[in-house]
Amino acid sequence: MRKAALILFAVFGFVFSVNAQENKIILLPSRIIDGDTLPYVYLPELEVYALQVPRSFRKRKKLSRLVKNVKRVYPYARLAAIQLHWYDRELVEAQNDRERRKIMKKAEKEIKERYGGELRKLNFSQGLILIKLIDRETGETSYDLVEGLRGSFTAFFYQAFARLWGYNLKIKYDPDGEDRQIETIVRMIERGQI
């Protein structure tokens, strides 16, 4: 009898403790569709992307090299965009063309002193990726940036010199086409995934 009472007490205690929980009412926005009230919730947009890992060893190695190169030059492209924004504000505040030229010469000297040695160490592929990423970050090709800041003659000279080395300063960044892998790698870098 004691065992039955003890079991009954344990069962009722458990049942009452389950029923004793508070009912929290959560109000959701809803719509009435065909006489039914349906809740709806706005979900944040989710972006799905992934690197296309090839099957062959040679192509995987090429992808690995691309990831390494993008990781190496992406900070320079970000710095270029930040510096360009800062110098644009400086140039807008300049009183005349003489002061603008002075600001640009100072900027060029600072950039050469600060990054010249590091940028000279980049290989051909990294240089090409840097040109594309500068277009991605600034919204303008390298040629247009040089033309806007230094003039068309200097831009023509830089383009001719770049063409001698196999580069093209007028190249556009195409995130949906040719540069899709680079765009995926950059997004993964920005999210801290690689």
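The values are calculated or read from the model by the stated rules, or taken from the named source; none is laboratory data. The model shown is predicted, which means the values in this text are computed figures rather than measured ones. Here the Cβ positions follow ideal geometry from the backbone for every residue, glycine too, while neighbour counts run over all protein chains shown.
Evaluate the following for I194: is it modelled with pLDDT under 80, in contact with a helix residue (DSSP H, G or I) (Cβ under 9 Å, 6 or more places away or on another chain), surrounded by fewer than 18 Cβ atoms within 10 Å (Cβ to Cβ) and within 17 Å of V70 (Cα to Cα)? Walk me through it before giving the result.
Numbers: modelled with pLDDT under 80: yes; in contact with a helix residue (DSSP H, G or I) (Cβ under 9 Å, 6 or more places away or on another chain): yes; surrounded by fewer than 18 Cβ atoms within 10 Å (Cβ to Cβ): yes; within 17 Å of V70 (Cα to Cα): yes.
Spelling it out, I194 is indeed modelled with pLDDT under 80, in contact with a helix residue (DSSP H, G or I) (Cβ under 9 Å, 6 or more places away or on another chain), surrounded by fewer than 18 Cβ atoms within 10 Å (Cβ to Cβ) and within 17 Å of V70 (Cα to Cα).
Residue under question is Y115, and the condition is that it be of a type in the set (S, T, Y), under 21 Å from L79 (Cβ atoms) and in contact with a Lys or Arg (Cβ under 9 Å, 6 or more places away or on another chain); does it hold? Answer is no for this residue.
For the structure I just gave you, tell me whether L91 is touching a helix residue (DSSP H, G or I) at 6+ places or on another chain (Cβ under 7 Å), modelled with pLDDT of 85 or more, surrounded by 13 or more Cβ atoms within 10 Å (Cβ to Cβ) and within 28 Å of R120 (Cα to Cα). Even if it seems obvious, please write down each step before you answer.
Working: touching a helix residue (DSSP H, G or I) at 6+ places or on another chain (Cβ under 7 Å): yes; modelled with pLDDT of 85 or more: no; surrounded by 13 or more Cβ atoms within 10 Å (Cβ to Cβ): yes; within 28 Å of R120 (Cα to Cα): yes.
No: the conditions fail for L91.
Only one entry of E147, E137 meets the criterion of being under 24 Å from the mean Cα position of the chain (by Cα), part of a helix (DSSP H, G or I) and not small (G, A, S), and that entry is E137.
From the list I171, I129, which residue is in a helix (DSSP H, G or I) and β-branched (V, I, T)? Of the residues listed, the single one that is in a helix (DSSP H, G or I) and β-branched (V, I, T) is I129. Within the option set G166, G177, being small (G, A, S), outside any helix (DSSP H, G or I), in contact (Cβ under 8 Å) with a residue 24 or more places away in the chain and surrounded by fewer than 15 Cβ atoms within 10 Å (Cβ to Cβ) holds for one residue only, G166.
Please find, within segment 1-48, the residue that is farthest from R191 (Cα to Cα) out of those that are modelled with pLDDT of 65 or more and surrounded by 10 or more Cβ atoms within 10 Å (Cβ to Cβ). For segment 1-48, the residue satisfying everything is I7. Selection within segment 180-189: residues that are under 30 Å from A155 (Cβ atoms) and under 9 Å from the mean Cα position of the chain (by Cα). The member of this set that is surrounded by the most Cβ atoms within 10 Å (Cβ to Cβ) is I185.
Residues of segment 50-81 that are free of Cβ contacts under 8 Å to residues at least 24 places away in the same chain, part of a helix (DSSP H, G or I) and either surrounded by 11 or more Cβ atoms within 10 Å (Cβ to Cβ) or hydroxyl-bearing (S, T, Y) (or both): K59, R60, K61, K62, S64, K68, P75.
Would it be correct to say that A160 is of a type in the set (G, A, S) and in contact (Cβ under 8 Å) with a residue 12 or more places away in the chain? Walk me through how you get there before you give the answer.
On the way: of a type in the set (G, A, S): yes; in contact (Cβ under 8 Å) with a residue 12 or more places away in the chain: no.
Judged against the criteria, A160 is not a match.
Only one of the numbered conditions (1) surrounded by fewer than 16 Cβ atoms within 10 Å (Cβ to Cβ); (2) under 21 Å from E137 (Cβ atoms) is violated by R98, and that is (2).
Determine whether E99 is in contact (Cβ under 8 Å) with a residue 40 or more places away in the chain, among the acidic types (D, E) and part of a helix (DSSP H, G or I). Step through it out loud before you land on a result.
Numbers: in contact (Cβ under 8 Å) with a residue 40 or more places away in the chain: no; among the acidic types (D, E): yes; part of a helix (DSSP H, G or I): yes.
In short, no.
Identify, from the list L149, L145, L130, the residue that is within 30 Å of L63 (Cα to Cα), aliphatic (A, V, I, L, M) and touching a residue at least 60 places away in the same chain (Cβ under 8 Å).
On the way: L149 fails: within 30 Å of L63 (Cα to Cα); L130 fails: touching a residue at least 60 places away in the same chain (Cβ under 8 Å).
From the options L149, L145, L130, the qualifying one is L145.
Here is the figure for segment 139-157: residues that are surrounded by fewer than 18 Cβ atoms within 10 Å (Cβ to Cβ) and of a type outside the set (D, E, K, R) total 8.
Just a yes or no: is a residue in segment 103-118 aliphatic (A, V, I, L, M) and assigned to a loop (DSSP other than H, G, I, E, B)? Walk me through it before giving the result.
Here is the first cut: in segment 103-118, the residues aliphatic (A, V, I, L, M) are 103-104, 107, 111.
Add one more test, that the residue is assigned to a loop (DSSP other than H, G, I, E, B), and what stays is none.
Scanning segment 103-118 turns up no residue that is aliphatic (A, V, I, L, M) and assigned to a loop (DSSP other than H, G, I, E, B).
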